[in-house]
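This report refers to the structure that appears directly beneath it.
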Amino acid sequence: MFTQEEINAIHRVIKTRRDIRSFLPTSIPKELLFQIIEAAHHAPSVGFMQPWNFIVISSNEIKKKIAWAAEKERRALSIHYEEDDRADKFLSLKIEGIQEAPYTICVTCDPTRGGSHVLGRNSIPETDIMSTSCAIQNMMLAACAEGVAMGWVSFYKKADIRAILDIPPHIDPIAILSVGYTNHYPKAPILETAKWERRRNLSQLISYEKWGRTTPTSEE
Ligand SMILES: Cc1cc2nc3c(=O)[nH]c(=O)nc-3n(C[C@H](O)[C@H](O)[C@H](O)COP(=O)(O)O)c2cc1C
């Protein structure tokens with residue numbers, strides 16, 4: 001179905017993609033932006049409910065307000081790190097590039113889409129958010145493949161974002177994504193380079209037959 005070259009490319013995109021917080025002021029072509037959004041729209045969703053909407057923001061005034069909401073939250077969160085002396089380090093981390101990036105996309109989730117009996121969602125209500133996250137991942141991979149940088153910002157109070165973007169109360173603002181070009185596309189996650197966190201050992205996250213059985217049974 002796919003050539004080896006295509007298979008290699010998708011693995012390369014998955015492993016190359018990074019969360020970016022520094023952007024150049026250069027704008028990106030509208031067609032490219034919509035191509036990235038189209039990738040999102042092809043994501044899987046529970047009962048095919050497609051709960052997402054995309055608010056494309058280029059207004060500096062609105063980006064400034066969103067950046068303010070993120071900064072307010074960042075400061076509020078720093079208190080959690082005071083006990084282990086990581087507050088200064090936390091505050092030194094760059095966690096967004098909203099005002100630098102030419103575009104911000106707010107991805108929302110409408111839990112009411114498709115009515116009250118969306119196939120499969122009765123069992124696990126959060127599947128609407130899971131579906132929206134799949135859409136966001138598609139966007140990030142498409143952006144990476146196109147050489148476009150994207151940064152996910154989740155430091156905000158939903159009420160602030162709803163107020164800034166006129167989002168109705170039943171709609172969930174799932175993600176604020178900064179989109180643009182960068183001249184610094186790191187090889188490793190920024191939080192790894194900053195020695196905040198590192199990638200866990202995959203073999204310790206896989207178990208066999210039951211939770212916690214870290215060695216395969218003899219049948220494997
Ligand atoms: C749900 C979610 C929320 C995130 N929120 C933020 C954020 O508010 N600020 C930020 O700088 N990075 C944010 N990130 C990016 C992560 O920090 C990043 O994915 C992680 O450090 C691994 O780096 P990588 O994406 O470059 O592999 C978020 C990522 C996810 C999936």
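Within the range 1-89, which chymotrypsin sites (Phe, Trp or Tyr not before Pro) sit in a loop by DSSP and count at most 16 neighbouring Cβ atoms inside 10 Å? The partial results should precede the final answer.
Values: sites: PHE2, PHE23, PHE34, PHE48, TRP52, PHE54, TRP68, TYR81; in loops: PHE2, PHE23.
Taking the range 1-89 and a limit of 16 other Cβ atoms within 10 Å, the loop chymotrypsin sites (Phe, Trp or Tyr not before Pro) found are PHE2.
What accessible area per residue, rounded to a whole number of Å², is obtained for the chain using a probe radius of 1.4 Å? Mind showing how you got there, number by number?
Working: 13710 Å² over 220 residues.
For the chain, the per-residue accessible area is 62 Å².
Taking 25 Å as R0, compute the FRET efficiency from the Cβ-Cβ separation of LEU24 and ASP166 and round it to 0.05.
Numbers: r = 29 Å, r/R0 = 1.17.
Working from the Cβ atoms, E equals 0.30.
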Subject >> Top positive-direction residue, dipole computed over the range 17-205 with Cβ charges, set PHE23, LEU77, CYS109 >> reply: PHE23
Original post:
Roughly speaking, to the nearest percent, how much of the range 1-113's 1.4 Å accessible area is carbon and sulfur?
Top reply: 55
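Using helices alone, what [θ] at 222 nm do you get for the chain, with -39,500 (n - 2.57) per DSSP H run of 4 or more residues, divided over all residues and rounded to the nearest 500? Don't jump to the answer; show the numbers that get you there.
Values: 7 runs with 81 residues, N = 220.
Computed mean residue ellipticity for the chain: -11500 deg cm²/dmol.
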Original post:
How big is D, in µm² s⁻¹, for the range 17-205 by Stokes-Einstein at 37 °C and 0.692 mPa s if Rh is the Kirkwood radius over C-alpha pairs?
Top reply: 186
**OP:** Could you state how much accessible area SER123 has, in square angstrom rounded to the nearest 10, with a 1.4 Å probe and all protein chains kept in place?
**Re:** 100
Subject >> Listed residues TYR156, PHE48, ALA135: farthest to the positive end of the dipole of the chain (Cβ charges) >> reply: TYR156
Original post:
Would you list LYS65, LYS15 from the most to the least accessible area, probe 1.4 Å?
Top reply: LYS15, LYS65
Subject >> Accessible-area ranking of ARG162, ARG200, ARG86, largest first, probe 1.4 Å >> reply: ARG200, ARG86, ARG162
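On a 24 Å Cα-Cα criterion, which of the cross-link pairs LYS15/LYS89; LYS30/LYS64; LYS30/LYS157 come out too long?
Values: LYS15/LYS89 27 Å; LYS30/LYS64 21 Å; LYS30/LYS157 29 Å.
Violating the 24 Å limit, Cα to Cα: LYS15/LYS89; LYS30/LYS157.
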Original post:
Given springs between every Cα pair under 10 Å in a Gaussian network model of the chain, which of PRO25, PRO169, PRO189 has the largest fluctuation?
Top reply: PRO169
Original post:
Between GLU31 and LEU91, what is the label-to-label distance in nm when each label sits 7 Å out along the Cα-to-Cβ direction?
Top reply: 4.7
Original post:
In debye to the nearest 20, how big a dipole does the chain give about its Cα centre with +1 on each Lys and Arg Cβ and -1 on each Asp and Glu Cβ?
Top reply: 360
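The values are calculated or read from the model by the stated rules, or taken from the named source; none is laboratory data. Just so you know, these numbers come straight off a predicted model, no measurement behind them. Using ideal geometry, Cβ is built from the backbone for each residue, glycine included, and neighbour counts are taken over all protein chains shown. The accessibility values were calculated without ligands, DNA or RNA, using every heavy atom of the protein model including side chains. Shrake-Rupley method; radii C 1.70, N 1.55, O 1.52, S 1.80 Å.
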